[in-house]
1. List, please: which pairs have Cβ atoms under 9 Å, are six or more places apart or on different chains, and start with a residue in segment 27-42 that is more than 14 Å from residue 123 (Cβ to Cβ) and end with one that is outside any helix (DSSP H, G or I) and hydrophobic (A, V, I, L, M, F, W, C)?
2. Looking at (1) surrounded by fewer than 15 Cβ atoms within 10 Å (Cβ to Cβ); (2) within 19 Å of residue 111 (Cα to Cα), which one does residue 85 not meet, given that it meets all the others?
3. Within segment 29-73, work out how many residues are loosely packed, with under 14 Cβ neighbours inside 10 Å and outside any helix (DSSP H, G or I).
4. Given the criteria closer than 20 Å to residue 29 by Cβ and more than 15 Å from the chain's Cα centre (by Cα), does residue 76 qualify?
Amino acid sequence: MAPAHIYNAISRYRQVRTEGAVEDANPHRLIAMLFDGALSRIALAAAHMRRGEIEEKGAQITRALEIVGALRASLDMNVPSGLPQRLGALYDYVSRRMLHANLENDPKVLDEVAGLLRVIADAWAQISPPARVAGAA
């Protein structure tokens, strides 16, 4: 096993790399990063759940719930299409299902919500962010 200082250095590197990616990201990319983070945390939670690692499972589900909350908070409810309201309802459903999965230790429920989020994340990836006009700030 590697010494603790190596793990600390790796952790600091990841934090700096992530912070740099966030600082350089446009709003479209930030939402994509939230989807990636939620899906990653859900996958980790399911793996911990399958191995019986309860504390780690709970920590990952908590983080996934926070990310889904950030996705919900990013919705512009003033858009008249009704899409933000439907996405908000989906995020609420995903959050309730994750809480159920946590209480019941049911990794299949985590697989379900990951599938739902993946569909939205894939659709989001298909949308091109607005092109920047040359010379615009």
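The numbers here are math on the coordinates, done by the rules we state, and not lab data. None of these values were measured; they are calculated from a predicted model. Don't worry about glycine lacking a Cβ; one is built from the backbone with ideal geometry, like all the others, and counts go over all protein chains shown.
1. Note: pairs meeting the criteria are 33/25.
2. (2)
3. Residues meeting the conditions: 2.
4. Values: closer than 20 Å to residue 29 by Cβ: yes; more than 15 Å from the chain's Cα centre (by Cα): yes.
Yes; evaluated as a whole, the condition is true for this residue.
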